[in-house]
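Please treat every number below as a calculation from the coordinates, not as lab data. Fair warning: this is a prediction, and the values are worked out from it, not measured in the lab. Positions of Cβ are generated from backbone atoms using ideal geometry, with glycine treated the same way; all protein chains shown enter the neighbour counts.
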Amino acid sequence: MDFKDYYKILGVEPTADDKAIKAAYRKLARKYHPDVSKEKDAEEKFKDASEAYEALKSADKRAEYDDLRKYGQHGQPFQGPPGWQGRGGGGFGGGQDSGDFSDFF
């Protein structure tokens, strides 16, 4: 999985407050919404903005992302810190036990 710099995607500084993050997301969502935008990659940009906002909108998720951000660079494969598998089973990437669909059966 490639690391995505959510602050860069939204066009805000890491020190931005919740209000600035929400405003940046809304601006991008209006601009790139697939029903409105004619740009060829609008849907992808809309998805990236939504993903970034989801990660940064709550204090808990933002703190977790900020911790993980220390280990990744935009566009490079993400490598978490040694022993990291995500908190609470959710979050920003599958754990090491992620299997493929055939493992389900």
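At a glance:
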quantity	calculated
Relative contact order of the stretch 1-75, defined on C-alpha pairs under 8 angstrom at six or more residues apart (%)	41 percent
Ala59/Val36 FRET efficiency (R0 41 Å; Cβ-Cβ; nearest 0.05)	0.85
10 Å-binned pair-distance histogram of the stretch 1-75 (Cα, whole percent)	20, 51, 25, 3
Per-residue Cβ neighbour rank within 10 angstrom, fewest leading, Arg30, Arg62	Arg30, Arg62
GluC sites (Glu not before Pro) lying in DSSP loop within the stretch 1-68, provided at most 16 other Cβ fall within 10 Å	Glu39
Only Lys, Arg (+1) and Asp, Glu (-1) charged, at Cβ; the stretch 1-75 dipole about Cα centre in debye	340 debye
